[in-house]
Every structure is written in C-alpha cells, then in structure tokens.
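Notes follow the structure.
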C-alpha cells in the first residue's frame, strides 16, 4: 500500500508532542551493508530527534556513520532495522513513491560537491528545483538570502568555490524545505570561504526557521550549533548542548 508522508493513515510517533512534533525522529536505526561475505555495520542502533528550528552539528570521523544516518533521514536510503518519523508520520515502511514525494516536498540537500549544471546560470540552476516544488521561492530571492543577489546570471565557471556552494544552498532552500541536510558542506573549501558558507546556513536557520543538520569531521564547526551529536563506530557516543552559540565568523580552523 502506498504510504504518503503526511497521510492520516501514517503511524504516529508515540513520543511526539501533538502540538509540536519533532521534525525528524529515529529509534534504534541500524544499517548493514554486505560486501560479498562481509557485513559492514554502518549504524548500530541510533536514537535521534531533531526539533523544529534547531541547528545540529553531527561530528565524527570517516566511517562513523554520519552520512549513512543523513541519507536515511533524507529518504535517500533505507535502514536495515529500527523506525523513523517525519513530523509524527512514520516513514519506516514508506514505498519509493512516498519517499520521492517526501524528498521533493520537505527536504533540502547540500553536499560537499556542488553538482551545478555548467551550462546554466546561478538563477537557472536554482530554478530547476523551483519548477518541481510545491511552494517555491523566487530563485532570485533564494540567491539573495545566501548573498548572491548580484551574481544571478553568472555561470558556475565564473564563480568561486564558495559561491558555487552558496548556489547549491540556494537551490536546496528554494523549495522552502522543512529540513536542510548538509553533508560536509565546507569539506572542499578553505577556512575563510567555508565560514562564508556557514554564515549562509546560519542565516537560513535563524531567518527561515529551517531545521538544519550539518555533518562534518571538523570539530571547530560545532560552536555554531544548538546541539552537537558525536558519532563513533555507528553509535551516538555523546550529545552536547551549546549554552551560547558562536556566530560562524568567530569559528577558526
């Protein structure tokens, strides 16, 4: 049976508040990859909640399970075990069509590599997503939010690496997603350029209220988060809250 993300028939999250359910919640998530006769346990029973409007940094070394967790929460992959919910609606058994609609309507993705189309301008790269979104921004408005209002008609080859990443962020937020999932968004950038990108993410979180999760191996980025979640060997090893968040301009690495 087809299960849409927000249908009334979806199984509710029993611990979510009726007034303000968690944007994303996971319970006991596991993920096992099989490489021939070898089993690789990427996640080993992860419990996680992302609150409305929260900015979370997920820290961990390569192979700790960060990207696997993000891919499952974004509907790009399926867990081997456990359950997960979006706004109180369970998506654990959602079919491919329901997950496609979930990604299209509710999730923005930002990756380490920008994946811009070289033959399209910044405005046109963003407009591609706007064409399939339910309630999109004007592409120029999305680019203005990330500080590229004067670069609308520049092609990727005419933009720096940081500017290209900000176009990718504008593309992700242009559909007004409920959650923004970022996988090593500064991984290919130097410190100064990376801080400009983090400022764009911080502004989106503050001004649009978009629940944002940033995964990174760079512990210096943790200072800008509401919460910092440490992953190790497929487990959440520690969760810390920042009593005072640092603006990205105060981060150094």
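Computed from the coordinates by the stated procedures, all read-outs in this text should not be read as laboratory data. These numbers were taken from a predicted model, which means no experiment stands behind them. No Cβ is skipped: glycine too gets one built from the backbone with ideal geometry, and neighbour counts run over all protein chains shown.
Compute the helix-to-body angle for 96-106: its Cα long axis versus the longest principal axis of the chain, expressed 0 to 90° and rounded to tens.
50
Grab the Cα-Cα distance for residue 120 and residue 44, subtract it from 0.36 nm times how many residues apart they are, and report the gain in nm with one decimal.
On the way: separation 76, 0.36 × 76 = 27.36 nm, distance 4.18 nm.
Length gained between residue 120 and residue 44: 23.2 nm.
Go ahead and set up a Gaussian network model of the chain, Cα springs under 10 Å, then flag whichever of 59, 35, 201 fluctuates most.
35
Need the C-alpha centroid separation for segment 99-127 versus segment 154-198, integer Å.
Segment 99-127 and segment 154-198 have Cα centres spaced 11 Å from each other.
In a GNM of the chain with a 10 Å cut-off on Cα contacts, which of 180, 198, 189 has the highest mean-square fluctuation?
Of the options given, 189 has the highest mean-square fluctuation.
For residue 96 and residue 206 in the same chain, what is the full-extension length gain: residue separation times 0.36 nm, less their Cα-Cα distance, in nm?
Working: separation 110, 0.36 × 110 = 39.60 nm, distance 3.23 nm.
Full extension of this stretch gives 36.4 nm more.
With each label point set 7 Å from Cα along the Cα-Cβ vector, what nm distance links residue 35 and residue 76?
Between residue 35 and residue 76, the label points sit 1.9 nm apart.
For the chain, what is one quarter of the convex hull surface built on the Cα atoms, given in nm²?
On the way: hull surface 57.4 nm².
That works out to 14.3 nm², a quarter of the Cα hull's surface.
Quote the FRET efficiency, to the nearest 0.05, computed for residue 103 versus residue 244 with a Förster distance R0 of 41 Å and r equal to the Cβ-Cβ distance. Before the final figure, lay out each step's value.
Values: r = 34 Å, r/R0 = 0.83.
About 0.75, to the nearest 0.05.
For segment 37-130, compute Rg over Rh where Rg is the Cα radius of gyration and Rh is the Kirkwood radius from the inverse mean 1/r over Cα pairs.
Working: Rg = 15.7 Å, Rh = 15.7 Å.
For segment 37-130, the value is 1.00.
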